[in-house]
Amino acid sequence: MRVELVKARDLGATEEQAWESIRGTDRALASPFFSLAFARIVSCVRPTEVAVIELEQRIAGFWAFEPRRLGLAVPLAFPISEHHGPILRSELDVPAARLLRASGRRMYWFSGLPAQQRLFQSFHRRTVPSPIVLLHDFEASDQQRKLRRLAREVGEVRFEADCDDARVLERLIVWKREHAARTGTADALAAPWTSALLRELHRSRTPELRGRLSVLWAGDRPIAAHFGLVSNRVWHWWFPTYDPDYGRHSPGLLMLHAMLQAGREEGIEWLDFGPGDEEFKWRLSNDTLPLAQGTACTLAACIAIGLKRRFEDALRSTPLHAALSRAVGWHARPRSV
């Protein structure tokens with residue numbers, strides 16, 4: 001096996017053809033997150049490396065990742081990407097540690113890896129089902145009563161499946177961040193590069209990847225919006241949000257039903273919700289994709305991690321650990337004024 005590290009933008013027509021050819025033979029790689037176009041756009045806002053894997057003088061796969069300190073590799077667009085991992089021919093069978101060493105990495109953390117891939121299977125810590133909606137089997141529920149009430153109280157309702165207005169995208173980003181602040185949940189768009197990535201993706205119009213902004217309008221105002229990724233086969237549910245002033249009309253659910261209908265009419269095979277425990281995902285889904293979570297490492301890194309964990313476990317059973325915990329807890333408490 002031979003591995004060459006390159007930048008995504010430097011891959012030529014031969015590599016691009018091989019990349020998409022491998023994806024086309026594996027349903028688990030159909031997500032637009034696995035497209036070369038996604039790797040190239042991420043490389044505009046994040047440090048990115050691509051390992052080109054050759055076996056017997058033939059391209060056998062690719063592995064795109066973000067390099068971090070101390071030999072760590074994380075998925076592209078970490079932590080907001082929901083599917084990630086190598087693009088590999090089915091016949092490729094090499095030890096994961098060998099790929100890591102050849103790529104100059106000691107560890108690879110993953111949470112949305114196709115579970116059936118053999119390369120990192122021995123490092124799986126957990127496998128979770130990720131809900132999807134096979135659109136040809138989906139039976140939409142009737143939303144007409146809610147739509148009529150919304151039109152009566154706010155204004156004429158229309159759904160725009162693919163909005164190119166950058167101002168609406170900025171409003172989505174504001175709504176999403178305000179919702180996180182209001183509910184105390186993690187702000188996925190807190191880092192400046194995340195919003196920059198959404199803007200770059202919104203301009204993408206390749207067959208393998210389109211950043212799609214969908215909007216539910218009532219009158220002349222957007223009341224719900226969603227930004228996701230679309231390929232020829234898959235529409236990935238990613239950043240949904242809505243105007244809280246109209247929350248009682250369930251605008252997010254109305255928009256989702258409109259997206260499912262539009263996707264089916266467009267010929268998209270499935271809408272991918274990504275992993276998560278939200279009730280609506282499991283109520284509407286009719287199939288799943290298995291995703292793996294874990295950390296792959298070289299032998300030396302695994303030994304170091306094991307020694308560290310054993311030391312921490314041993315320390316927890318000593319009086320020193322209790323004393324340190326009390327000291328840290330005391331310093332962490334706010335002082336009274």
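Quick test for you: out of Ala180, Ala161, pick the one residue that is surrounded by 14 or more Cβ atoms within 10 Å (Cβ to Cβ), under 28 Å from Glu265 (Cβ atoms) and in the same structural domain as His257 (by TED's automatic domain parsing).
Values: Ala180 fails: under 28 Å from Glu265 (Cβ atoms).
Residue meeting the stated conditions: Ala161.
Condition (residue is out of contact with any Asp or Glu (no Cβ under 6 Å at 6 or more places or on another chain) and assigned to a strand (DSSP E or B)) applied to region 139-148: is it met by at least one residue? Full working, then the answer.
Initially, region 139-148 is screened for residues out of contact with any Asp or Glu (no Cβ under 6 Å at 6 or more places or on another chain), giving 139-148.
Adding the requirement that they be assigned to a strand (DSSP E or B) leaves none.
Scanning region 139-148, I find no residue that is out of contact with any Asp or Glu (no Cβ under 6 Å at 6 or more places or on another chain) and assigned to a strand (DSSP E or B), so the answer is no.
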So the strands (runs of 3 or more DSSP E) completely within region 35-102 holding 1 or more residues that are within 17 Å of Glu200 (Cβ to Cβ) and charged (D, E, K, R) are 58-67
Ala224: passes all of (1) outside the structural domain of Leu29 (by TED's automatic domain parsing); (2) part of a strand (DSSP E or B); (3) touching a residue at least 40 places away in the same chain (Cβ under 8 Å); (4) not acidic (Asp, Glu) but (3)
In region 77-102, anything in contact with a His (Cβ under 9 Å, 6 or more places away or on another chain) and surrounded by fewer than 23 Cβ atoms within 10 Å (Cβ to Cβ) is listed as Ala77, Phe78, Glu82
Condition set farther than 27 Å from Pro290 by Cβ and not small (Gly, Ala, Ser), scope region 8-40, selection surrounded by the fewest Cβ atoms within 10 Å (Cβ to Cβ): answer is Thr14
Just one listed residue, out of Pro222, Pro244, Pro240, is over 21 Å from the mean Cα position of the chain (by Cα) and either aromatic (Phe, Trp, Tyr) or modelled with pLDDT of 95 or more (or both), and it is Pro222
In region 103-132, anything in a loop (DSSP other than H, G, I, E, B), surrounded by 16 or more Cβ atoms within 10 Å (Cβ to Cβ) and polar (S, T, N, Q) is listed as Ser103, Gln117
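The values are calculated or read from the model by the stated rules, or taken from the named source; none is laboratory data. Please read all numbers here as calculations on a predicted model, not as lab measurements. All Cβ positions, even for glycine, are placed from backbone atoms using ideal geometry, and neighbour counts span all protein chains on display.
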